[in-house]
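The values are calculated or read from the model by the stated rules, or taken from the named source; none is laboratory data. Source: prediction; values computed, not measured. Positions of Cβ are backbone-derived with ideal geometry, glycine not excepted, and every protein chain shown enters the neighbour counts. The accessibility values were calculated without ligands, DNA or RNA, using every heavy atom of the protein model including side chains. Shrake-Rupley method; radii C 1.70, N 1.55, O 1.52, S 1.80 Å.
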Amino acid sequence: MSLSNKDILHAVLNNDASEETKLQFHYIEKATGYVDELKKELGRTPTACVVTFGCQMNARDSEKLMGILAKIGYEIVESEDADFVIYNTCTVRDNADQRVFGRLGYLSGIKKKKPHMKIALCGCMMQEESSIEKIKKSYRHVDLIFGTHNIFKFAELLCTVFESDRMIIDIWKDTDKIVEDLPIIRKYPFKSGINIMFGCNNFCTYCIVPYVRGRERSRSPKDIIREIEYLASDGVKEIMLLGQNVNSYGKGLPEDEAMSFAELLSEVCKVDGIKRVRFMTSHPKDLSDDLIKVIAENEKVARHIHLPLQSGSDEILKKMNRHYTKESYLKLVDKIKAQIPDVSITTDIIVGFPGETDSDVDETIDVVKKAQFDNAFTFIYSKRTGTPAASMEQVPESVSKPNFDRLLKVVQETAKERASRFTGRVENVLVEEINEHDPSLLTGRMSNNTLVHFPGDSSLIGEFVSVKLLECHGFYYTGEKI
Ligand code: SAH
Ligand code: SF4
Ligand code: F3S
């Protein structure tokens with residue numbers, strides 16, 4: 001992947017930028033000098049690789065890191081055999097942590113052959129002291145570590161790395177800062193994620209996110225709309241509004257900017273050039289009637305709601321601190337389906353939460369059958385140090401594993417049946433890329449988030465086309481352009 005200057009967002013400093021933004025532009029300039037020197041030394045443009053380990057918010061942060069790296073003179077590449085490699089980590093489950101440590105070992109091999117190489121780590125895992133201790137002890141080849149709250153300081157931290165041979169560690173416990181207008185690169189020219197809020201205040205008892213992402217902060221509506229207007233003018237057609245719980249957007253905004261998520265969504269739909277609007281994630285406890293109405297009345301809003309269930313057992317939901325019941329969740333699903341025909345509902349489910357019995361899982365399976373999800377992401381509970389659930393009585397794998405398998409079977413059966421309901425219809429599809437396995441096919445996304453593969457050439461990438469859905473293959477369709 002090679003990126004032109006056009007792909008860099010807000011790369012020019014606005015006159016009304018904040019002091020912090022101005023300061024960071026000063027460091028961008030300084031770092032550009034260092035990269036220039038490196039370029040002379042190497043006799044070629046140095047390369048940088050950003051690896052995303054986590055969710056959509058993590059991916060959006062990676063685009064911010066790439067924006068800075070490109071702005072200071074690196075060529076962005078996908079291979080980790082680069083001059084600068086940064087891992088943007090996730091710690092939501094233990095296997096995410098393990099993947100990072102595994103890959104770090106592999107990177108040390110590359111660095112031995114390339115001593116000028118720099119390795120950096122950032123993201124959610126770095127907000128945990130135990131990870132930092134482990135890296136300090138066993139991964140001495142890392143040059144820079146920072147966390148989720150000070151990512152806006154990346155250019156400044158890079159300068160420090162260029163000026164020092166030590167391992168630089170800068171982790172903040174929390175922040176109330178939102179720094180706007182720094183360079184960003186988009187992975188796709190035609191679609192983009194947009195942060196509307198940061199952090200989480202829900203403290204579901206299994207979840208590490210509120211500890212590593214800090215308190216909930218909403219971005220100002222005018223900054224959000226300004227960014228979307230810019231993106232639309234730069235060719236973006238589909239956007240995804242990002243937050244851990246978008247339904248609580250607006251809390252804590254100054255009075256003159258007060259706005260609910262439903263109001264924000266409706267405003268966003270008014271931006272010319274934006275054809276489709278998605279959002280992630282909706283907490284069932286806060287999904288308002290107003291929001292359902294805005295979705296129903298606005299063609300631009302995608303017919304897809306990701307509504308994490310986590311469990312169908314009232315007792316477990318209570319212990320998880322989720323603030324809804326099996327009955328209220330199912331009622332909500334019915335209400336959404338009644339008011340938004342054709343909507344797809346997807347979900348997340350955890351199996352093996354402390355104290356969960358076979359009959360609790362029966363309740364979850366019952367919800368899966370009744371709610372008829374289009375897709376469900378199922379996870380085995382992973383104990384996260386520091387969360388309330390970590391000190392509850394844990395469930396042995398001999399109980400959780402068979403329950404997980406039992407649930408997965410039902411999820412797959414119901415989702416397959418449910419997803420096939422569009423067969424024969426013509427859908428508006430945003431073409432995203434050439435099919436990974438068959439270059440004669442294109443891959444596009446329907447409003448309800450389902451993928452469809454159909455014959456076509458690369459000139460259609462980034463366009464909306466009408467596709468007839470011929471056959472459903474579980475979670476995707478094959479079709480033909482009409
Ligand atoms: N903010 C989003 C989800 C963020 S994490 C929400 O509230 O829905 C994404 C998913 O990871 C969660 O929905 C949950 O199903 C899963 N998850 C979070 N913590 C987990 C843990 N400790 N073990 C297993 N799965 C977990
Ligand atoms: Fe985690 Fe719950 Fe916040 Fe989602 S809402 S990020 S699951 S604490
Ligand atoms: Fe992972 Fe952090 Fe997202 S823990 S799921 S990258 S908010």
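If r is the Cβ-Cβ distance from residue 385 to residue 318 and R0 is 25 Å, what FRET efficiency results, to the nearest 0.05? Intermediate results must be reported in sequence, preceding the final value.
Values: r = 23 Å, r/R0 = 0.91.
So, using R0 = 25 Å, E works out to roughly 0.65.
Phi-derived couplings, Karplus 6.51 cos²θ - 1.76 cosθ + 1.60 at θ = phi - 60°, listed residue by residue for the stretch 333-346: 4, 4, 4, 4, 5, 5, 8, 10, x, 6, 5, 9, 10, 10 Hz, with x used for Gly and Pro.
For residue 313, the residues whose amide H sits under 5 Å from its own are 364, ignoring neighbours fewer than 5 places away on the same chain, with H placed 1.01 Å from N. For the pair the stretch 415-482 and the stretch 139-162, the centres of their Cα atoms are 41 angstrom apart.
Solvent-accessible surface (1.4 Å probe) assigned to residue 461 amounts to roughly 60 Å². The simple spin-label model puts a point 7 Å past each Cα toward its Cβ; for residue 22 and residue 163 those points are separated by 2.0 nm.
Expressed as a rounded percentage, what relative contact order does the chain have, with Cα pairs under 8 Å and six or more residues apart? Can you show the working numbers first?
Working: 941 pairs, mean separation 48.8, N = 482.
The value is 10 percent.
Treating each Cα of the stretch 404-472 as one equal point scatterer and applying the Debye formula with no solvent, the log10 of I(q)/I(0) at q = 0.14, 0.26, 0.27 Å⁻¹ comes out as -0.48, -1.08, -1.13. Compared with the dominant principal axis of the Cα atoms in the chain, helix 94-113 is inclined by about 30°. When the alpha carbon gyration tensor of the chain is reduced to an equivalent ellipsoid, its three semi-axes come out at 36, 28, 23 angstrom, largest first.
Each Cα pair under 8 Å and six or more residues apart adds its separation to the average, and for the stretch 195-239 the resulting relative contact order is 37 percent. Of the whole protein surface, residue 377 contributes about 100 Å² of accessible area at a 1.4 Å probe radius.
Counted by Cβ distance under 13 Å from residue 302, the other residues give a net charge of +3, where Lys and Arg count +1 and Asp and Glu count -1.
To the nearest 10 square angstrom, how much accessible area does residue 99 have with a 1.4 angstrom probe? Estimated to the nearest 10 Å², residue 99 gives 120 Å². Here each label is just a point 7 Å from Cα along the line to Cβ, and for residue 257 and residue 220 those points are 0.5 nm apart. The stretch 300-336 and the stretch 343-362 have Cα centres separated by 11 Å.
Translational D (Stokes-Einstein, µm²/s) of the stretch 151-227 at 20 °C and 1.002 mPa s when Rh comes from the Kirkwood sum over C-alpha pairs? Provide the component values of the computation, followed by the final result.
On the way: Rh = 15.3 Å.
Approximately 140 µm²/s, per Stokes-Einstein.
Centroid-to-centroid, using Cα positions, the stretch 244-285 and the stretch 49-116 are 31 Å apart. Computed per residue of the chain from DSSP H runs no shorter than four, each worth -39500 (n - 2.57), the mean residue ellipticity at 222 nm is -11500 deg cm²/dmol. The value of relative contact order for the stretch 409-448, using C-alpha pairs under 8 Å at least six residues apart, is 31 percent.
Calculated on the alpha-carbon coordinates, the convex hull of the stretch 182-341 measures out at 123 cubic angstrom per residue.
In this structure, the amide hydrogen of residue 344, modeled 1.01 Å from its nitrogen in the peptide plane, lies closer than 5 angstrom to those of 304, 305, counting only residues at least 5 positions away or on a different chain. Stokes-Einstein diffusion for the stretch 308-389 at 37 °C, viscosity 0.692 mPa s, with a Kirkwood radius from C-alpha pairs, works out to 248 µm²/s. Within the stretch 52-152, the percentage of alpha carbon pairs spaced more than 16 angstrom apart rounds to 55%.
Classification of the stretch 327-482 by its C-alpha gyration tensor yields a prolate form. The axis ratio a/c (a ≥ b ≥ c) is 1.5 or more, and a/b outweighs b/c.
The simple spin-label model puts a point 7 Å past each Cα toward its Cβ; for residue 297 and residue 372 those points are separated by 2.7 nm.
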